[in-house]
Every structure is written in C-alpha cells, then in structure tokens.
Amino acid sequence: MRPTTSSSTTLNNLRRNVTSLSGISESPGSALIHPRAWLRIVVPSSWLQLARRTDRPWLALVVAPVLMAGAVLTLHLWLLPVLIACCWWWASTDDPWAFVLGILEAAWGVQWGAIGLYLIAAYPNNLATVVAIWFAYAFGMAGIGAVNRIRFHRKYGL
C-alpha cells in the first residue's frame, strides 16, 4: 500500500524545491511561487523545447495549409497567425524558409475553394460538370507535385 501525503505537505515541498533552485527566500506559509523563481524554471525549459524542434513535413505542408484555407474561407482570420506559427514549428529545421511553402499551399487552397464555390453558385444546373472540373484541377495539381518530387528526388518538395 502506498503512503499518502497531504496536499499541503506536497505544496510545501514544491515551494521549498523551487525556492532552493531560484535562490529566492519566501515568507513561511506563503502558497505562491515567486514570479522570478517561476521564470527561472519555465523559460529555460521553453528554450529547450524550441531547440528540440523536429521535422513534421506532413503537418507543415498538408494539415496547416488545409486549416489555413478553411480559416480564410470561413473568415476566421484570427487563426492565421497561430496556424502560420504552427506551420513554422513543424516545417523543416534544415531550411528556415520551408514554412513559406505551406503558406503558399494555403493560398492555392483558398483560390481553389473560392473558384469552386463561385462556379457552383454561378452554374447550379451544371453541378456535375463543375464538380468534375473542380476535382480535376485538384488532382492535376497533386499529380504535378508528385511528378516533381519523383523527378528531382526530393522528399515533400523541399
């Protein structure tokens, strides 16, 4: 059976550890951690997370652009800075400008969506033809991308 400790004992131990790490003394009985102590612990670990960034090209070049296109088409523009930051975070660490490719893909997605929506609204009687052209354009762009990746022996077009 595991011994139980009270939450106040655990909090006191945490406070003691934090203050000993930071070199800041607290008044006895205080339940708050000093902001400088918190910064000395959190900021270095945040920089370590930034330094441990790994490549996730599927997220940077597929998921984030699709979400960006959806945000623009539904006029949720406040999501764009967050999605661009995610695109940068997941992009290649070898090439610092790889995230721009994700932004360009999002722009193509917005264009494709806007043209398709316009054509559906303008030609409601020819819906099958409009949808066929709309999907043919998407498959054509995907095919061109695949051919270029194969031709230049590059992974993910980078």
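The values are calculated or read from the model by the stated rules, or taken from the named source; none is laboratory data. Because the structure is a prediction, the values reported are computed rather than measured. Virtual Cβ from ideal backbone geometry, glycine too; neighbours counted across all protein chains shown.
Quick look at the numbers
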read-out: Check on Thr93, polar (S, T, N, Q) and either modelled with pLDDT of 90 or more or in contact with a helix residue (DSSP H, G or I) (Cβ under 7 Å, 6 or more places away or on another chain) (or both); value: no
read-out: Where Tyr118 falls short, out of the listed (1) at pLDDT below 90; (2) exposed (fewer than 13 other Cβ atoms within 10 Å of the Cβ); value: (1)
read-out: Enumeration of residues in region 32-74 that are among the aromatic types (Phe, Trp, Tyr) and either at pLDDT 70 or above or crowded, with 16+ Cβ neighbours inside 10 Å (or both); value: Trp58
